[in-house]
Amino acid sequence: MTYDIFLITYITMTSLADLRVIDAATLFAGPSAAMMLGDFGADVIKIEHPRRGDPSRGHGASLDGVGLWWKTLSRNKRAAAVDLSHPDGQEILRRLAERSDVLIENFRPGTLERWNLAPADLMKLNPRLIVARMTGFGQAGPMAGRPGFGTLAEAMSGFAAMTGQPDGPPTLPPLALADGIAGLAMSYAIMVALHARERTGRGQVVDLAIIEPILGLLGPQMTAYKALGAVPKRTGNRSSSNAPRNTYRTRDGRWLAVSTSAQPIAERVVTLVGRPDLVEQPWFATGHGRVQHVDELDEAVASWIAERDADEVIARFEEAQAAVAPIYDVTDIAEDPQYAALGTFVEMDDEELGPLTLQNVLFRLSDTPGEVRWPGRPLGRDTDEVLAELDYPDDLVAALREKGVIA
């Protein structure tokens, strides 16, 4: 089946199958946004350097020399290897831009312009094009030209300063947290721009700085600082807005997390652990009030849990309709019946590695569900197919390959 026939068949079943997306970004934030669009049917063409590839191919665990993170990050994408720093490669991108809906890029500000691929020029070729620009610090400002990664966003947003034990150092997350949040934000921004295009008929430029979306998820810290002079402090596993909230160790050595963000849940928890008298205290009526008495609340919950095995604690919490969850590692996730019921993971065959398990799409739509159609592909796997769709003759493709422009 040719790709065109596949697309005609698939378009009636998915949300975004009428969209073509060029993923010219690297590492995690931009490519994860493209991945989410591809999950719901968009034709995503991943552009990589013919010799270096995307650096994410070499991140994390690998099997037989093939990066496993890549298999998820570039799922549902066609892989084309094109050197955008070469004039012939730039011409390929122009032709793609003419026939695409979205271009996602994360080059340092000024790079596209230096390559004669400025958004304004691409939008002259295709006025409906959305150019989504993902950089560490945005397109303007004193830091715009610096290399930017998620780690720097986690540092500058206040996240690291708020994370860790009160007497310990600021703590960075052990994962690409800011990149993942920025990817979600970018996929949303692209959908907003596409919706606006339905009214205006015009594309536009999206300017997203990785330092901003994570800032928005940390709550109203700037609002509280300007209004009250409040500066968030490290609280470990405790919360600055409600209590009790912590991790607690059971008699059989397992760890459980308890949350009491809602007032009725807080009342059920302290009643369950034998301290209904606390509910009658005036300070117990608000999360802020409970935080002022967090040591007393933590002691009540921790001591009760420490006297019981995890299964009993979970069962008693469920009977009381209180909120508790076990602290999982990946071995627990693999066996969990809730994830199984949701279909959170999907098994498929990979052309390089054989059977492979990938996380499924992030949410379920009743009428146009998303789908993981294939894992991330080898470098340049679909270059010839993409160039054929751009009407490149075989002899020109061979010449470009000989020059190293494509792979």
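For the stretch 218-226, the criterion of being in contact (Cβ under 8 Å) with a residue 24 or more places away in the chain and of a type in the set (Phe, Trp, Tyr) is met by no residue.
Going residue by residue through the stretch 360-381, is there one that turns out to be in a helix (DSSP H, G or I), out of contact with any Ser or Thr (no Cβ under 9 Å at 6 or more places or on another chain) and at pLDDT 95 or above? No - not one qualifying residue is present in the stretch 360-381.
The helices (runs of 4 or more DSSP H) found wholly in the stretch 1-109 and carrying at least 2 residues that are modelled with pLDDT of 95 or more and of a type outside the set (Phe, Trp, Tyr) occupy 29-39, 68-73, 87-98. Of all the numbered requirements in (1) modelled with pLDDT of 95 or more; (2) assigned to a loop (DSSP other than H, G, I, E, B), MET222 misses one, and that requirement is (2).
Answer yes or no as to whether MET186 is surrounded by 14 or more Cβ atoms within 10 Å (Cβ to Cβ) and in contact with a strand residue (DSSP E or B) (Cβ under 7 Å, 6 or more places away or on another chain). Yes; evaluated as a whole, the condition is true for this residue. The set of residues in the stretch 352-404 being under 25 Å from the mean Cα position of the chain (by Cα), of a type outside the set (D, E, K, R), closer than 14 Å to LYS71 by Cβ and open to solvent by less than 80 Å² (accessible area, probe 1.4 Å) consists of LEU353, LEU356, THR357, LEU358, ASN360, VAL372, TRP374, PRO375, GLY376, PRO378, LEU379.
The conditions of being under 27 Å from ALA97 (Cα atoms), hydrophobic (A, V, I, L, M, F, W, C) and at pLDDT 95 or above are not met by LEU228.
Being within 18 Å of the chain's Cα centre (by Cα) and either among the charged types (D, E, K, R) or not in a helix (DSSP H, G or I) (or both): is that true of PRO142 here? For PRO142, the condition - within 18 Å of the chain's Cα centre (by Cα) and either among the charged types (D, E, K, R) or not in a helix (DSSP H, G or I) (or both) - is not met. The residues in the stretch 241-296 that are over 30 Å from VAL231 (Cβ atoms) and in a strand (DSSP E or B) can be counted, and the count is 2.
Does ARG251 meet the test of being more than 27 Å from the chain's Cα centre (by Cα) and either in the same structural domain as PHE107 (by the TED database) or open to solvent by less than 50 Å² (accessible area, probe 1.4 Å) (or both)?
Numbers: more than 27 Å from the chain's Cα centre (by Cα): yes; either in the same structural domain as PHE107 (by the TED database) or open to solvent by less than 50 Å² (accessible area, probe 1.4 Å) (or both): no.
No.
Take ILE333 and decide whether it is among the aliphatic types (A, V, I, L, M) and either under 30 Å from TRP70 (Cβ atoms) or open to solvent by 30 Å² or more (accessible area, probe 1.4 Å) (or both).
Considered against the rule, which asks whether it is among the aliphatic types (A, V, I, L, M) and either under 30 Å from TRP70 (Cβ atoms) or open to solvent by 30 Å² or more (accessible area, probe 1.4 Å) (or both), ILE333 comes out as yes.
Considering the conditions (1) free of Cβ contacts under 8 Å to residues at least 40 places away in the same chain; (2) surrounded by 24 or more Cβ atoms within 10 Å (Cβ to Cβ); (3) among the aliphatic types (A, V, I, L, M), LEU125 is excluded by exactly one of them, (2).
The values are calculated or read from the model by the stated rules, or taken from the named source; none is laboratory data. The shown structure was predicted, so the numbers you read here are calculated from the model rather than taken from an experiment. As a convention, Cβ positions derive from the backbone with ideal geometry for all residues, glycine included, and neighbour counts pool all protein chains shown. Please note that ligands, DNA and RNA were not included when accessible areas were found on the heavy atoms of the full protein model with its side chains. Shrake-Rupley method; radii C 1.70, N 1.55, O 1.52, S 1.80 Å.
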